[in-house]
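**Student:** So that we are looking at the same thing, I have put the structure below in structure tokens.
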Amino acid sequence: MGLSITQKIISSHLVEGEMTPGKEVAIKIDQSLTQDATGTMAYLEFEAIGLPLVKTELSVSYIDHNNLQVGYENADDHRFLKSAAAKFGVYFSRMGNGICHQVHLERFGVPGKTLLGSDSHTPTCGGLGMLAIGAGGLDVATAMAGYPFYLSMPQVVNIRLHGKPAPWVSAKDIILEVLRRLSVKGGVGRVMEYTGEGVAHLSVPERATITNMGAELGATSSLFPSDEVTRTFLAAQSRGHNFTGLLPDPDAVYDEVVDIDLSGLEPLIALPHMPDNVVQLSVVAGKKVDQVFIGSCTNSSFTDLMKVASILKDKTVHPEVSLVIAPGSRQVLKALASNGGLADLVGAGARILECACGPCVGVGQSPPSGGISLRTSNRNFEGRSGTADAGIYLVSCESAAAAALTGKITDPRELGQPVEVALPQSYPVDDSMIIPPPENRDSQDLVRGPNIKPFPKSYPLGSSIKGAVLLKVGDNITTDHIMPAGAKILALRSNIPAISMYAFERVDSSFARRAQEAGGGLIVGGANYGQGSSREHAVLAPLYLGIKAVIAKSFARIHMQNLVNFGLLPLIFENEGDYDSIEAGDTLVLEKLPDSLPTNKITVYNASKNMTYHVKHSLSDRQVKILKAGGLLNYVRG
């Protein structure tokens, strides 16, 4: 029986375990990346491990999230990260160089290698044939320290692309179709592997758009073959020597097969407030639009923005629309400037933002009250834009440009002949904004500003847990619900005591105060609890507030591992109906935990209702040991 691409990469990096779906395996990590919203904690954690130098082949620290500097906090974090990169042997991508995923795709990604990043959209580099996985900062810190990365061996889903995309149908429409079919829970415990003759019609940036939004499926990763398209892209980046061909075996067997006829697709749109709320764009055509944002790590490549420039050339943005565009990297911006595309965008009335995440993470450009914003980004969670009652719709660059011109949701097919953009034979390579680690690191000190506080300590698991249910939430609670993004809050990512005051702010603004007054407690959740970003702050803040356990119907992969990493129990209802009988305020008691966790026979007593529930976990023996030790840092330090 032949192997898939996923199985080939895992088998060549396997350190522990057997490649049986659902069983825990450990793999060697070749590369790592961090960004500034998660990186400060990751490097504080790496420092706590006690090693002088990273052990990966390559590690890169990017500045791309917290670029708005209205106080000293972000600037101090960036100074700390620069000093940490120099001290620990890490490349440092300066503010203005671009979004981590776009830059890593351009300058560092290598087919067949493994990449672990403290950002959920790290699988973007799957567009190059990498096995790229998002994880919490502590997992990345331990990988930088040379420890293997542990995960459940994923099922591999073969998404076979047939034919050629229909006119005006883009890579964004392809991944929206996958989300429409499979949902935001459809990729949990899986890797999405794209094959079929349709793959040849997609450039590496287009493939990266698709693998980027595999995060919205909850997938462990997504990846494409490394083929002649990949070779051409790497050669254009002056990195032809990094090319390795990587295809599935002809007789590879997959756990599931999904067939998509690209010629039968039409422009799609994700309605508020979830990326899988997908319909044909024509269904909502005509709805007035207030704002259009083109950018983010999903759709900010040279190819994307040149298509927009071609559509807007010699035209003017509708007077009722604010159009903002954020190039994904300095390379993209330079290419647009040199070929006239930037002039076309500015001439049409677009506002050009810096090469950063910006509006995608709620840093600037919030829509008006009750406004409608069309965005080419990857998430449209309620309130994520910074405007609580805004409606965020996810679309392709072509659909976004059409709306910018007409002032309403518009099927791009109404624009006439589709635009065609030729890929450059060479990109303007300039790595001067990437600082390599110095040869002499002995004199390098970590530079800490007053906003950088130690992360909260976790302690070995006690014999019992007793506490009130401080919050009960429903299905698909995101990390944005637990720990919001946005300019005001992102600046506190290195200050856990301060940022904890915003925990669950958009769900229950009284949560932090009540948790402090109660001295901690428990949280009860529905299905897919913790979906979304990799931010471990969605665990660190509840930990700081005294939360001891979360009992849910099911968990998203990264968040569940983050709970384990910091010693919080992620427990699952054996009978989902028990969820309905628990109310906020009920007092729950869990006893004999050191004995019941290894046997996975755990009972919860509801003292308020005199009821007993059976709960379980989906953890490996190693993860149970981590919980008993009080978290991963305690575990690796012995």
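**Student:** Please name which of VAL289, LEU115, ALA468 has its Cα lying farthest along the dipole of the chain towards the positive end, using unit charges on Cβ (Lys, Arg +1; Asp, Glu -1) and the Cα centre as origin.
**Tutor:** Of the listed residues, the answer is ALA468.
**Student:** If you place +1 on the Cβ of every Lys and Arg and -1 on the Cβ of every Asp and Glu, how big does the dipole about the Cα centre of the chain come out, in debye to the nearest 20?
**Tutor:** In total the dipole reaches around 1100 debye.
**Student:** With point charges of +1 on the Cβ of Lys and Arg and -1 on the Cβ of Asp and Glu, referenced to the Cα centre of the stretch 5-264, which listed residue (ALA132, SER238, PRO148) lies farthest in the positive direction of the dipole?
**Tutor:** SER238
**Student:** How far is helix 397-406 tilted, in degrees, relative to the longest principal axis of the Cα atoms in the chain, given as a value from 0 to 90 rounded to the nearest 10?
**Tutor:** Taking the Cα atoms of the chain, the angle to 397-406 is about 70 degrees.
**Student:** Kindly state, to the nearest 0.05, the FRET efficiency for SER238 paired with SER310, given R0 = 25 Å and r defined as their beta-carbon distance.
**Tutor:** 0.45
**Student:** Only one of the listed values, (i) 27.3, 88; (ii) 23.5, 72; (iii) 26.7, 84, was derived from the coordinates as Rg and Dmax of the Cα atoms in Å; which label is it?
**Tutor:** Given (i) 27.3, 88; (ii) 23.5, 72; (iii) 26.7, 84, the structure-derived one carries the label (ii).
**Student:** Quick one: of the DSSP bridges fully inside the chain, what percent are antiparallel, nearest 5?
**Tutor:** Antiparallel bridges: around 35 percent, rounded to the nearest 5.
**Student:** Net charge near LEU545: determine it from the other residues with C-beta under 12 Å of the C-beta of LEU545, scoring Lys and Arg +1 and Asp and Glu -1. Don't skip to the end; give the middle numbers.
**Tutor:** Numbers: positive: ARG513, ARG514, LYS548; negative: GLU517.
Taking every Cβ under 12 Å from that of LEU545, the sum is +2.
**Student:** Let me ask you something else. Out of all DSSP beta bridges in the stretch 465-636, what portion is antiparallel? Express it as a percent rounded to 5.
**Tutor:** 50 percent
**Student:** With a 10 Å radius around each residue's Cβ, average the other Cβ atoms per peptide and rank 595-605, 170-180, 285-295, highest first.
**Tutor:** Highest-to-lowest ranking by the protection proxy: 170-180, 285-295, 595-605.
**Student:** Sort MET41, MET19, MET274, MET213 so the one with the fewest other Cβ atoms within 10 Å of its own Cβ comes first.
**Tutor:** Arranged by neighbour count, lowest to highest, MET41, MET19, MET274, MET213 become MET19, MET274, MET41, MET213.
**Student:** In addition: So how much slack lies between SER510 and SER11, counting 0.36 nm per residue of separation and subtracting their Cα-Cα distance, in nm?
**Tutor:** 174.8 nm
**Student:** Give me the angle, in degrees from 0 to 90, between the Cα long axis of helix 36-49 and the longest principal axis of the Cα atoms of the chain, rounded to the nearest 10.
**Tutor:** 40 degrees
**Student:** Between the alpha-carbon centers of the stretch 510-556 and the stretch 563-583, tell me the distance in whole angstrom.
**Tutor:** Comparing the Cα centres of the stretch 510-556 and the stretch 563-583, I get a distance of 11 Å.
**Student:** In nanometres, what is the gap between the two model label sites at ASP442 and ASP249, each 7 Å from Cα along Cα-to-Cβ?
**Tutor:** The modelled label-to-label distance comes out at 5.2 nm.
**Student:** Whole angstrom only: what separates the Cα centroid of the stretch 45-90 from the Cα centroid of the stretch 179-198?
**Tutor:** Here the two parts' Cα centres lie 33 Å apart.
**Student:** Count the DSSP beta bridges whose two residues both fall in the stretch 268-413, then state the antiparallel fraction as a percent rounded to the nearest 5. Show your work: numbers first, answer last.
**Tutor:** Values: 5 of 18 bridges.
Percentage antiparallel, nearest 5: 30.
**Student:** Rounded, prolate or oblate for the stretch 268-413? Axes are the square roots of the Cα gyration tensor eigenvalues, ordered a ≥ b ≥ c, and the cut-off for rounded is a/c under 1.5. Write out the running numbers ahead of the final one.
**Tutor:** Values: a/c = 1.66, a/b = 1.35, b/c = 1.24.
Prolate.
**Student:** Is it possible to state the helix-based mean residue ellipticity at 222 nm for the chain, with each DSSP H run of 4+ residues giving -39500 (n - 2.57), the sum divided by total residues, to the nearest 500 deg cm²/dmol? What is it?
**Tutor:** Mean residue ellipticity at 222 nm (helix-derived): -8000 deg cm²/dmol.
**Student:** Between SER426 and ARG94, with labels modelled 7 Å along Cα→Cβ, what's the label distance in nm to one decimal, could you check?
**Tutor:** My value for the distance between the label points is 2.4 nm.
**Student:** Over what distance in Å are the Cα centres of the stretch 210-286 and the stretch 477-492 separated?
**Tutor:** Cα centroid of the stretch 210-286 versus Cα centroid of the stretch 477-492: 28 Å apart.
**Student:** Please order MET611, MET153, MET130 by the number of other Cβ within 10 Å, starting at the fewest.
**Tutor:** Ordered from fewest to most neighbouring Cβ atoms within 10 Å, MET611, MET153, MET130 come out as MET611, MET153, MET130.
Every number in this text was worked out from the coordinates using simple rules, so none of it is lab data. This one's a predicted model, so the numbers in the text were calculated from it and none came from an experiment. Using ideal geometry, Cβ is built from the backbone for each residue, glycine included, and neighbour counts are taken over all protein chains shown.
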